[in-house]
Amino acid sequence: MLSRTASELYWMSRHLERAENTARMLDVAWNLSLIPFAATVDEEVAAPLKISGTWDRYISRYDTVQINNVMHFFSLDEENPGSIYNCIRSARENAHAVRGRITSEVWESINATWIELQSIRRYGLIAMGASAFMDWVKERSHLFRGAAYGTMIRNDAFRFLRVGTFIERADNTARILDVKHQIHTGVGNSAVEYYRWNALLRSVGAYEAYREIYTDRVTSEHIAEMLIFRAEVPRSLRSCVEMLAELLPSVEGEAGMDAKRLVAVQFARLQYGDISHVFEVGLHEYLTDFLRRINELADTIQSAYLELV
Amino acid sequence: MIKAGSPPPGGYDEMFSAPGAAQPHYAAYWRWLEGVSMDTIERKRKEADLLFHRVGITFNVYGAEEGTERLIPFDSVPRIIPASEWGMLERGLLQRVQALNLFLRDIYHEQAIVRAGRIPARQVFANAHYQPCMQGIDLPNDVYAHIAGVDLIRNNDGDYYVLEDNLRTPSGVSYMIENRRMMMRLYPELFARHRVAPVDHYPALLHEMLEQSCHVTNPCVVLLTPGRYNSAYFEHAFLARQMGIELVEGADLFTRDGVVYMRTTAGPQRVDVIYRRIDDDFLDPLAFNPDSMLGVPGLLSAYREGNVVLANAIGTGVADDKSIYPYVPDMIRFYLDEEPILKNVPTWLCREPQDLSHVLAHLDELVVKEVHGAGGYGMLIGPASTREQIARFREQLLAAPENYIAQPTLSLSTCPVFVEEGIAPRHIDLRPFVLSGREVRLVPGGLTRVAMKEGSLVVNSSQGGGTKDTWVLEDAPC
């Protein structure tokens with residue numbers, strides 16, 4: 001398939017996945033901001049800025065870290081390239097450029113999302129309600145994925161679309177875990193910790209999964225293990241990389257040998273790694289290393305398949 | 001309940017022959033319409049708008065904010081053509097397009113028609129769209145205009161006239177198909193009452209024709225678009241999707257050793273046929289406009305070597321020019337030895353002294369057009385102009401008569417459209433699409449464009465014109 005088409009599809013799904021992850025992350029910040037732990041709320045509200053690496057940009061525009069400003073910054077702010085509004089706009093532009101290559105159902109799900117988002121933006125986040133907005137974003141993302149999964153033929157177009165999803169998701173899970181772990185460790189107040197860890201689990205849609213796998217009290221070790229190594233948790237690093245390790249080798253042609261090799265190495269590390277080793281090197285160090293590797297993989301995919309040669 | 005419609009005074013209406021009296025082929029439709037409430041129509045109209053918007057059936061507007069997409073107004077009263085009338089149109093269109101292709105082949109080879117004195121040499125060779133680089137090139141099946149869009153109108157005498165032949169990159173066929181889909185979705189009961197000939201297979205015919213247009217077995221066919229900001233981008237994407245071929249932009253293609261390739265995830269892939277929706281001037285910066293970023297450097301030389309087929313061929317514009325138009329009936333006689341089935345609008349060529357004096361004497365009755373003008377520029381509509389405008393135009397005309405042609409002011413037929421109060425007549429035209437491969441074919445139907453404003457003759461979508469579904473009835477309605 002055309003390199004440009006592959007690239008548009010890859011970025012289309014990355015942008016949509018990013019919109020969904022941003023909504024999940026915001027949902028946590030919003031819900032925690034409603035619980036009265038005066039001393040720690042600020043950190044929770046600021047967490048999305050740290051996770052997404054947009055602290056400086058935010059501070060240059062707003063004076064204080066205040067929940068309503070953070071919500072606006074990440075949801076409908078046109079000036080923030082990573083806002084949900086801009087992610088969906090970019091995804092729609094990618095889709096528009098390749099609408100001949102995606103099924104009409106996939107195109108219509110994205111186009112309808114964009115049309116609805118414009119009217120939401122006209123009335124503002126307050127009118128809709130923050131939680132309702134986050135739910136809407138997640139729903140639209142599910143709908144897109146369902147349409148893609150249910151209607152697209154299993155060719156390279158579909159593979160590049162999926163590759164974009166899992167690269168973005170792996171990156172996001174690692175970032176969320178990294179930041180949350182740093183601000184959650186050593187709080188010493190078990191009630192606070194309980195709410196925070198639960199909120200983190202909900203943000204990655206893994207609250208029910210945790211209950212089913214571990215049954216006992218929520219601990220940072222278990223959460224880290226679950227979000228890094230557990231094959232049955234769909235947003236874990238292992239699940240994401242496993243999907244990439246399946247997808248990349250089935251892309252036609254010889255162009256992507258480096259990408260295929262990198263993903264195999266990374267998958268082996270997750271397949272055979274264990275959590276005690278992670279805590280020995282330090283969770284933050286481990287995740288920093290993972291982020292470097294996943295971004296190296298993304299760059300390799302970009303230059304092997306997606307750039308015009 | 002819909003109020004009875006009527007034809008406009010002195011005009012020809014497709015549906016009504018007299019106030020409240022429907023023509024026979026509209027009888028069943030009119031019976032149905034009389035039983036429908038305006039509320040139902042209004043509700044369906046909103047549903048159609050929503051669906052068109054959601055599906056993104058839009059066109060991009062130039063000059064407006066980047067990426068502005070607009071809906072083309074869709075009217076749900078079908079334009080109905082009885083089978084017998086269509087049969088005549090079909091024969092006439094096939095004949096006309098055949099002759100045009102023979103003409104194009106001729107003027108880039110032997111030039112017999114010029115040597116026979118049937119068309120003046122300067123009309124052909126001094127034409128801005130004549131491409132000397134095409135001289136002596138043999139094309140597969142001798143086809144130049146693979147896709148032709150012929151604009152037809154019906155005059156108040158009830159006869160059809162060809163208004164214009166579009167042989168470069170005619171647009172609108174996607175709306176023909178989408179309008180039909182929309183009508184079937186909104187008013188399925190109408191299709192149970194009428195035998196409407198299907199048009200849905202157009203993309204299949206187009207694909208077959210494109211594959212046949214080169215000598216390679218299983219050729220790689222692509223559609224070349226200027227990109228997503230082009231006004232017809234929706235159509236480009238739609239057709240590529242329907243045919244299952246790649247939609248490419250110039251930057252996706254490159255040439256090496258006279259062969260065209262596209263850049264794919266698996267490396268370069270050879271391209272055999274390009275359905276191009278880019279004008280000649282932008283196809284190849286090495287051969288034509290050097291500033292263009294839309295095309296592919298080296299494409300022309302690959303084409304001349306016969307390594308790739310372009311549909312339509314380069315240089316077809318010479319045959320759809322206003323100065324060539326008056327000669328088409330003669331081409332039909334010359335190449336096919338047949339009488340033309342479809343009428344031309346009588347045309348005076350102002351560079352002929354006799355024609356010029358007639359035109360000057362009747363400026364207040366005629367439409368005078370610039371030969372290379374388009375989009376309504378450089379035009380005088382006599383009956384609608386002031387004395388001063390006519391006087392000014394007379395001077396221009398006398399200064400450069402060869403730049404002008406003149407035609408009688410035609411009254412386009414009307415067809416009812418839904419308006420707030422009920423239905424009212426609006427002017428329409430018709431663009432069927434003719435495909436030339438090993439044989440010449442067309443689907444029964446075309447794009448009917450509507451001037452949505454009362455009394456207006458402008459059917460152009462960029463000027464607020466709308467569209468409606470075109471029905472060719474397979475036999476009398478039941």
**Request:** Evaluate the stretch B:118-141: report whether one residue or more is within 19 Å of the chain's Cα centre (by Cα), in a loop (DSSP other than H, G, I, E, B) and under 15 Å from B:Ala319 (Cβ atoms).
**Result:** yes
**Item:** Meets criteria (in contact (Cβ under 8 Å) with a residue 40 or more places away in the chain, open to solvent by less than 20 Å² (accessible area, probe 1.4 Å) and basic (Lys, Arg)) for B:Arg91
**Value:** no
**Item:** Candidate set: the stretch B:222-242, residues that are at pLDDT 90 or above and either open to solvent by 30 Å² or more (accessible area, probe 1.4 Å) or acidic (Asp, Glu) (or both); chosen: the one nearest to the chain's Cα centre (by Cα)
**Value:** B:Glu235
**Asked** Restricting the stretch A:42-87 to residues that are of a type in the set (Asp, Glu) and more than 29 Å from A:Glu8 (Cβ to Cβ), which is modelled with the highest pLDDT?
**Response** A:Asp56
**Request:** With the condition kept exactly as written, say whether any residue in the stretch B:243-262 is within 21 Å of the chain's Cα centre (by Cα), within 14 Å of chain A (Cβ to nearest Cβ) and surrounded by 20 or more Cβ atoms within 10 Å (Cβ to Cβ).
**Result:** yes
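Sort out which residues of the stretch B:41-59 are open to solvent by less than 40 Å² (accessible area, probe 1.4 Å) and more than 14 Å from every other protein chain (Cβ to nearest Cβ), and write them in order of number.
Step one: filter the stretch B:41-59 for residues open to solvent by less than 40 Å² (accessible area, probe 1.4 Å), giving B:41, B:44, B:48, B:51-52, B:55-59.
Answer for the stretch B:41-59, where residues must be open to solvent by less than 40 Å² (accessible area, probe 1.4 Å) and more than 14 Å from every other protein chain (Cβ to nearest Cβ): B:Ile41, B:Lys44, B:Ala48.
Here's a check for you: in the stretch A:285-309, which residue that is more than 14 Å from every other protein chain (Cβ to nearest Cβ) and in contact with an Asp or Glu (Cβ under 6 Å, 6 or more places away or on another chain) is farthest from A:Met226 (Cα to Cα)? Let's see the steps before the verdict.
Within the stretch A:285-309, the subset more than 14 Å from every other protein chain (Cβ to nearest Cβ) is A:285-299.
Remaining after also requiring in contact with an Asp or Glu (Cβ under 6 Å, 6 or more places away or on another chain): A:287, A:294.
Working: A:Leu287: 14, A:Ile294: 19 Å.
Among those residues, the one meeting the criterion is A:Ile294.
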**Prompt:** Condition test on A:Glu254, is it open to solvent by 10 Å² or more (accessible area, probe 1.4 Å), away from chain B (no Cβ under 14 Å) and either of a type outside the set (S, T, N, Q) or closer than 19 Å to A:Ile167 by Cβ (or both)?
**Reply:** no
**Asked** Taking into account only those residues within the stretch A:224-249 that are among the small types (Gly, Ala, Ser) and either under 18 Å from the mean Cα position of the chain (by Cα) or more than 14 Å from A:Ile301 (Cβ to Cβ) (or both), which is nearest to the other protein chains (Cβ to nearest Cβ)?
**Response** A:Ser239
**Asked** Do you know which residues across the stretch B:187-232 are farther than 29 Å from B:Lys44 by Cβ, of a type outside the set (A, V, I, L, M, F, W, C) and part of a helix (DSSP H, G or I)?
**Response** B:His207, B:Glu208, B:Glu211, B:Gln212
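Table: residues versus (1) outside any loop (DSSP other than H, G, I, E, B); (2) more than 28 Å from B:Arg122 (Cα to Cα); (3) more than 14 Å from every other protein chain (Cβ to nearest Cβ); (4) among the aliphatic types (A, V, I, L, M).
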| residue | (1), (2), (3), (4) |
| --- | --- |
| B:Pro268 | yes, yes, no, no |
| B:Ala287 | no, no, yes, yes |
| B:Gly295 | no, yes, yes, no |
| B:Leu300 | yes, no, yes, yes |
| B:Ile314 | no, no, yes, yes |
| B:Gly317 | yes, no, yes, no |
| B:Ser323 | no, no, yes, no |
| B:Phe334 | yes, no, yes, no |
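Hey, among the residues in the stretch A:263-309 that are among the hydroxyl-bearing types (Ser, Thr, Tyr) and within 19 Å of the chain's Cα centre (by Cα), which one's surrounded by the most Cβ atoms within 10 Å (Cβ to Cβ)? Outline the logic, then answer.
So in the stretch A:263-309, the residues among the hydroxyl-bearing types (Ser, Thr, Tyr) come out as A:272, A:276, A:286, A:288, A:300, A:303, A:305.
In the following step, the residues that additionally are within 19 Å of the chain's Cα centre (by Cα) were identified as A:286, A:288.
Working: A:Tyr286: 21, A:Thr288: 13.
Ranking the candidates gives A:Tyr286 first.
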**Message:** Filter the stretch A:2-39 down to the residues that are open to solvent by 30 Å² or more (accessible area, probe 1.4 Å) and within 14 Å of chain B (Cβ to nearest Cβ) and list them by number.
**Reply:** A:Arg4
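The values are calculated or read from the model by the stated rules, or taken from the named source; none is laboratory data. All values reported here derive from a predicted model rather than from experimental measurement. Positions of Cβ are generated from backbone atoms using ideal geometry, with glycine treated the same way; all protein chains shown enter the neighbour counts. Calculation scope for accessible area: heavy atoms of the full protein, side chains included, ligands and nucleic acids excluded. Shrake-Rupley method; radii C 1.70, N 1.55, O 1.52, S 1.80 Å.
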